[in-house]
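Here the structure is laid out as structure tokens; the discussion comes afterwards.
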Amino acid sequence: MALTASRWDDLEGSKIGEAYELALELKAQGRQIFDLTTGEPDFASPEHANAAGKAAIDNGQTKYTPTDGDMALKESVQLKYRRDNGLEFDINQICIGSGAKPLLYYVLLTILDIGDEVIVPTPAWTSFPGMVELAGAVPKLVSCTREQGYKLTPQALETTLGERTKAIIINTPSNPTGAVYSRTELEALEPILSAYPDVVIVADEIYEYLVYDVEFASVAATLPSLAHRIVSVNGASKGYAMTGWRIGYAAGPVLIMDTLRKLLSQSAGNPTTMSQLATIAAIEGPQDLLAERSELYRRRRDLAVQILNQAPGLHVDPPDGAFYLYVDCSEALGSQTPDGKVLEDDAAFCQYLLESEGVATVPSVGFYAPGGFRVSYACDEETLREACQRIARACNHLR
Ligand SMILES: Cc1ncc(COP(=O)(O)O)c(C=O)c1O
């Protein structure tokens, strides 16, 4: 008898995780690797957050909190939504979890019946379709092209919505493309979603604080007529560079949050107590570091875009947010490496970059879209410059 359930036989692990782990393995073997796979800020967590976390331990605040989070952190999250998005949530509309990732999964489990369909615009974060499948539902992938700025158009939404659609995931700013939906682009989706009153909108806004030259438009704040069926998910990881603290939060309609709370109470348990206290400090403390770091990310983005666009066969448009570049390498596919190998697809292309130049990237197949790769510029400028020059050199050697 098999030791694992047969329903997991076809389950695939996160492609980003695989690329990252391969880079780590090669580093451990002593190879010099320029790792552009990681979706993690290279900056330190804010000092005041670190201090609050340490103080929590010293003060003996090392015990359980309520499963759906400490009241004081829920109040901070309430304040954040008021301050940053002009949104008002009651405390019972907010749940805290151990990162946005598990919360997104629990939100999907909360709303989905077996066989329901969830619209996932692609290129998409590698875990969205996987989470939908774990919840017993079916991801409906909608391809969003480079010409559309990798964003869902009202037309594409309209043709994909159907009787079985239960939810749509909107990730703005997006991983992997960095695309940010403007207020107008979100508003254009509203009349179409209004015609499907049972569809829940899951807004993953984890990269909210990483936007360049544009204004961030929160989905719930932009579409108030749909607020009764929007769940916003966010967290401390990206903006505050607190990935390892593992704190995310969700805010949405009471009916959904009440059930989510029950799911959390039967399975997840409460998020780490000192991490919650550190997150309060991050949300309520000085916010200047967000703008300062955004400026540094913007410089890195421009540097990488400039070098990569000079490489034959590569095209990248400067994205408005997050810390990723989604590089179109479709023109380079089909060409031959110096040792005569034909690069059939994006995975082979990324393998070539790794083998020939020691640069680790994530192939776009991991984002449910062909012909590209993702570069993370959440690394120091020197590493980024060298890595991008190496990518360009590898492209110059193709025939
Ligand atoms: C789009 C997106 N959502 C959610 C997450 C998860 O964030 P957290 O660290 O809060 O679990 C990530 C992390 O890479 C992400 O890219």
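For (1) at pLDDT below 95; (2) outside the structural domain of residue 330 (by TED's automatic domain parsing); (3) among the aliphatic types (A, V, I, L, M); (4) in a helix (DSSP H, G or I), each residue gets a yes or a no:
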position	(1), (2), (3), (4)
257	no, yes, yes, yes
263	no, yes, yes, yes
276	no, yes, no, yes
279	no, yes, no, yes
296	no, no, yes, yes
308	no, no, yes, yes
311	no, no, yes, no
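So in the range 109-127, with the set limited to residues that are assigned to a helix (DSSP H, G or I) and of a type outside the set (Gly, Ala, Ser), which one is surrounded by the fewest Cβ atoms within 10 Å (Cβ to Cβ)?
109
With the structure loaded, tell me whether residue 130 is touching a residue at least 40 places away in the same chain (Cβ under 8 Å), assigned to a helix (DSSP H, G or I), in contact with a strand residue (DSSP E or B) (Cβ under 9 Å, 6 or more places away or on another chain) and in the same structural domain as residue 235 (by TED's automatic domain parsing) or whether it fails that test.
Yes, satisfied.
Could you tell me whether residue 385 is more than 30 Å from residue 44 (Cβ to Cβ), more than 22 Å from the chain's Cα centre (by Cα) and open to solvent by 20 Å² or more (accessible area, probe 1.4 Å)?
no
Do you know which residues across the range 136-167 are assigned to a loop (DSSP other than H, G, I, E, B), surrounded by fewer than 21 Cβ atoms within 10 Å (Cβ to Cβ) and among the aliphatic types (A, V, I, L, M)?
Answer for the range 136-167, where residues must be assigned to a loop (DSSP other than H, G, I, E, B), surrounded by fewer than 21 Cβ atoms within 10 Å (Cβ to Cβ) and among the aliphatic types (A, V, I, L, M): just 161.
From (1) open to solvent by less than 10 Å² (accessible area, probe 1.4 Å); (2) touching a residue at least 40 places away in the same chain (Cβ under 8 Å); (3) touching an Asp or Glu at 6+ places or on another chain (Cβ under 6 Å), pick out the condition that doesn't hold for residue 210.
Going through (1) open to solvent by less than 10 Å² (accessible area, probe 1.4 Å); (2) touching a residue at least 40 places away in the same chain (Cβ under 8 Å); (3) touching an Asp or Glu at 6+ places or on another chain (Cβ under 6 Å) one by one, residue 210 breaks only (3).
Condition first: hydroxyl-bearing (Ser, Thr, Tyr) and either in a loop (DSSP other than H, G, I, E, B) or surrounded by fewer than 13 Cβ atoms within 10 Å (Cβ to Cβ) (or both). Now tell me which residues in the range 53-76 satisfy that.
62, 64, 65, 67
Tell me, yes or no, whether the range 183-198 has at least one residue that is within 16 Å of the ligand (Cβ to nearest atom) and not assigned by TED's automatic domain parsing to the domain that holds residue 322.
Among the residues of the range 183-198, not one is within 16 Å of the ligand (Cβ to nearest atom) and not assigned by TED's automatic domain parsing to the domain that holds residue 322, which makes the answer no.
Please go through the range 261-275 and pick out each residue that is at negative phi and either over 21 Å from the mean Cα position of the chain (by Cα) or open to solvent by 30 Å² or more (accessible area, probe 1.4 Å) (or both).
261, 262, 263, 264, 265, 266, 267, 268, 270, 272, 273, 274
When the residues of the range 230-243 are filtered to those that are of a type in the set (Gly, Ala, Ser) and within 9 Å of the ligand (Cβ to nearest atom), which remaining residue is nearest to residue 42 (Cα to Cα)?
The residue in question is 237.
For residues that are in contact (Cβ under 8 Å) with a residue 40 or more places away in the chain and open to solvent by less than 60 Å² (accessible area, probe 1.4 Å), tally how many sit in the range 80-108.
Result for the range 80-108: 20.
For the range 89-104, indicate whether the set of residues that are under 13 Å from residue 273 (Cα atoms), in contact with a Pro (Cβ under 6 Å, 6 or more places away or on another chain) and not in a strand (DSSP E or B) is non-empty.
Yes; the residues of the range 89-104 include at least one that is under 13 Å from residue 273 (Cα atoms), in contact with a Pro (Cβ under 6 Å, 6 or more places away or on another chain) and not in a strand (DSSP E or B).
Return the residue satisfying two criteria in turn: it lies in the range 244-278 and is touching a Phe, Trp or Tyr at 6+ places or on another chain (Cβ under 6 Å) and among the polar types (S, T, N, Q), and of such residues it is nearest to the ligand (Cβ to nearest atom).
If we take residues in the range 244-278 being touching a Phe, Trp or Tyr at 6+ places or on another chain (Cβ under 6 Å) and among the polar types (S, T, N, Q), then 275 is nearest to the ligand (Cβ to nearest atom).
Of all residues in the range 96-132, count the ones that are closer than 15 Å to residue 271 by Cβ and of a type in the set (S, T, N, Q).
Total meeting the criteria: 1.
Can you spot a residue in the range 317-326 that is charged (D, E, K, R) and not in a loop (DSSP other than H, G, I, E, B)?
no
I'd like the residue in the range 35-52 that is assigned to a loop (DSSP other than H, G, I, E, B), more than 14 Å from the ligand (Cβ to nearest atom) and farther than 21 Å from residue 14 by Cβ and, out of all such residues, is most open to solvent (accessible area, probe 1.4 Å).
Applying the filter and picking the extreme gives 44.
The values are calculated or read from the model by the stated rules, or taken from the named source; none is laboratory data. Because the structure is predicted, anything quoted here is derived from the model rather than measured. Reconstructed Cβ throughout: ideal geometry from the backbone, glycine too, with neighbour counts over all protein chains shown. In case anyone asks, the SASA skips ligands and DNA or RNA and just uses the protein heavy atoms, side chains included. Shrake-Rupley method; radii C 1.70, N 1.55, O 1.52, S 1.80 Å.
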